[in-house]
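Visitor: This is the structure I want to talk about, given as structure tokens.
The values are calculated or read from the model by the stated rules, or taken from the named source; none is laboratory data. Fair warning: this is a prediction, and the values are worked out from it, not measured in the lab. Every residue, glycine among them, receives a Cβ derived from its backbone with ideal geometry; neighbour counts consider all protein chains shown.
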Amino acid sequence: MANIGSKLIKAIKDKGNTLEGEMSFFEHLEALRWHLIRASLAVVIFAIAAYAYYDEIFKYVIMAPTHTTFWAYRMMCDMGTLFQSLLPSLFQAKDFCVDSIHVTLINTEMAGQFTLKINSSLMIGLVLGIPYLFWELWRFIKPALHEKERKAASGFVFYASLLFLLGVMFGYFIITPLSIRFLAGFIVSPDIKNYFDVDSYLSSVATLTLATGVVFQLPILVYIISSLGFLTPKLMRSSRRYAIVIILIIAAVVTPTPDALTMTVVAIPLLFLYELSIFVAASVEKRRQRKELMNI
């Protein structure tokens with residue numbers, strides 16, 4: 001009887017511990033929900049601001065890559081002039097300069113232009129709100145870390161935001177105009193005229209820009225995986241040749257242009273990110289080794 005009583009008491013205690021764990025889990029979910037709500041509100045606020053100044057944003061941001069005065073096209077022309085001065089027998093400046101870009105946008109839906117304004121405002125709000133989202137995620141994760149872990153990861157928000165914004169700028173100022181220049185002028189037959197749906201144009205610009213911002217998070221991802229012990233700098237160095245091939249494939253897919261120069265311009269920053277990721281993985285491994293020596 002005593003044995004049965006002790007088993008019953010133990011079962012009640014175990015159930016109590018289980019309920020306590022479940023409550024703790026749901027409390028964490030509630031905290032995460034409020035962090036995400038605040039981040040969503042920040043995105044909405046930025047989107048409202050973009051909506052208020054939409055005329056200027058549409059003209060000087062969204063449609064800017066379709067104009068020959070865009071920064072990327074001017075830099076290409078300057079590079080052509082430089083190459084011609086260095087190797088006049090191989091390069092001509094006119095081959096790099098963009099004289100015209102024929103982009104004719106059409107709307108085929110009744111509410112197409114209204115949804116364009118809403119969607120593009122939300123997209124701009126998302127881009128501007130991502131750094132705040134990183135900060136809210138850091139606030140959620142920070143209480144669960146030890147003091148040394150907090151110090152080691154204290155720059156997470158800054159570096160993640162910096163890499164994301166650099167990626168967005170690279171995607172917007174380099175990849176997007178090069179892709180638009182090629183796709184707008186590509187024809188299978190002169191009998192087929194290029195008229196682009198406005199949603200298709202916005203989707204292309206947003207995808208190329210945001211995708212590059214996500215790709216630039218590679219060092220942060222490597223830092224997390226290396227900290228968990230699943231990735232080492234030795235493995236990354238030994239896989240460098242495969243990484244180069246994958247990067248070149250990504251560059252070829254992201255920039256559907258036939259010339260090797262454009263693909264090289266896109267591939268170089270990605271190769272730099274990979275080398276930076278190796279440095280990050282090596283730093284994590286050295287810190288882990290120092291910690292193990294101190295514990296001996």
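Visitor: Test of understanding: among ILE124, ILE130, ILE101, which residue is under 30 Å from THR81 (Cβ atoms) and assigned by TED's automatic domain parsing to the domain that holds MET76?
Guide: Within the list ILE124, ILE130, ILE101, the selection yields ILE101.
Visitor: Please work out which one of (1) assigned to a helix (DSSP H, G or I); (2) modelled with pLDDT of 85 or more is the condition ARG288 fails and give its number.
Guide: (2)
Visitor: For the stretch 85-112, which positions are part of a loop (DSSP other than H, G, I, E, B) and in contact with a helix residue (DSSP H, G or I) (Cβ under 8 Å, 6 or more places away or on another chain)?
Guide: Scanning the stretch 85-112 gives LEU90, PHE91, GLN92, PHE96, CYS97, VAL98, ILE101, HIS102, VAL103, ASN107, GLU109.
Visitor: Also: Among PRO143, PRO131, which is loosely packed, with under 15 Cβ neighbours inside 10 Å, in a helix (DSSP H, G or I) and not hydrophobic (A, V, I, L, M, F, W, C)?
Guide: The conditions single out PRO143.
Visitor: Of THR207, THR176, which residue is farther than 30 Å from ARG287 by Cβ, assigned to a helix (DSSP H, G or I) and without any contact (Cβ under 8 Å) to a residue 40 or more places away in the chain?
Guide: When all the criteria are applied, what remains is THR207.
Visitor: Within the stretch 150-163, identify whether any single residue is surrounded by fewer than 19 Cβ atoms within 10 Å (Cβ to Cβ), over 23 Å from MET123 (Cβ atoms), in the same structural domain as ASP99 (by TED's automatic domain parsing) and among the aliphatic types (A, V, I, L, M), and answer yes or no.
Guide: Checked the stretch 150-163: at least one residue is surrounded by fewer than 19 Cβ atoms within 10 Å (Cβ to Cβ), over 23 Å from MET123 (Cβ atoms), in the same structural domain as ASP99 (by TED's automatic domain parsing) and among the aliphatic types (A, V, I, L, M).
Visitor: How many residues does the stretch 200-216 contain that are at pLDDT 90 or above, crowded, with 17+ Cβ neighbours inside 10 Å and not β-branched (Val, Ile, Thr)?
Guide: Of the residues in the stretch 200-216, 6 are at pLDDT 90 or above, crowded, with 17+ Cβ neighbours inside 10 Å and not β-branched (Val, Ile, Thr).
Visitor: Can I ask one more? Please indicate, with yes or no, whether at least one residue in the stretch 51-64 is surrounded by fewer than 16 Cβ atoms within 10 Å (Cβ to Cβ), at pLDDT below 95 and touching a Gly at 6+ places or on another chain (Cβ under 9 Å).
Guide: No, the stretch 51-64 has no match at all.
Visitor: Let me ask something additional. Just to check your reading of the model, which residue among ALA252, ALA267 is surrounded by 18 or more Cβ atoms within 10 Å (Cβ to Cβ), free of Cβ contacts under 8 Å to residues at least 40 places away in the same chain and outside the structural domain of ILE62 (by TED's automatic domain parsing)?
Guide: ALA267
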